[in-house]
Amino acid sequence: MNSSVKNTLTCTYIYANILKKTVNWSRFFQLVKTLGSECNSRKDRFDKADIFEQSIEVYSNNKLKWVDGIGVDHIDVANHHTIEFKYQTNGLLTNKGMPKKKIVIKIKNSLGTTETSSIREPSEFYMFAQQNAVALISYRELEPYLNVVGDGISTNLPGDKLTWIYRNNSNNSNTQPCIAFNYMQKKRDLQRALIESIE
């Protein structure tokens, strides 16, 4: 292993340990459990992404600022790193709780045909999560495993390339029982309130 690769891996490992302490991951996974299958339709997935991305800011006590930029979801205000966050149910681990051999997550969409797998202005780090795990990888480590997929770019990443921030190898969640929360109904109620407020 050459020194540049070794330094990149060390940097990712160190930063993953910082993020493990920065974010209250118990609250994040409780949120995932509470939201459940809501917002899984194609139309509502943007809502789900916004909720999860905003929660990282809240559960880090605003240390990971949500900027929702192109290719950048969060800025670490203390360590001055940029992070892109992606969530995919069952995207990282097998049913036995082991890292998948290949992790396929779409990380960039485009309005037309994508010509290259390189990202013009990537985040420094990419944080991938599922319902019981979250992992980190630097763009430098990730880039060799990016593929063009028509209208975007997707990973074809060996699971052993990820550095784990949190991983529960059991399918049994340690989170508390869900509080009933019907997000979609509350959203419809808010929309209706706006409509009816117009005279």
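The values are calculated or read from the model by the stated rules, or taken from the named source; none is laboratory data. What you see is a predicted model; the values in this text were computed from it and never measured. In this analysis, Cβ positions are derived from the backbone assuming ideal geometry, glycine residues included, and neighbour counts consider all displayed protein chains.
Structure data summary
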{"item": "Residue identified as modelled with pLDDT of 95 or more and under 16 Å from the mean Cα position of the chain (by Cα) among Asn24, Asn61, Asn17", "result": "Asn24"}
{"item": "Residue in the range 6-25 that is assigned to a helix (DSSP H, G or I), without any contact (Cβ under 8 Å) to a residue 60 or more places away in the chain and surrounded by 16 or more Cβ atoms within 10 Å (Cβ to Cβ) present", "result": "yes"}
{"item": "Options Asn147, Asn132, Asn172; residue that is out of contact with any Leu (no Cβ under 6 Å at 6 or more places or on another chain), at pLDDT 80 or above and surrounded by fewer than 16 Cβ atoms within 10 Å (Cβ to Cβ)", "result": "Asn147"}
{"item": "Residues of the range 63-99 that turn out to be part of a loop (DSSP other than H, G, I, E, B), within 17 Å of Tyr15 (Cα to Cα) and of a type outside the set (Lys, Arg), as a count", "result": "4"}
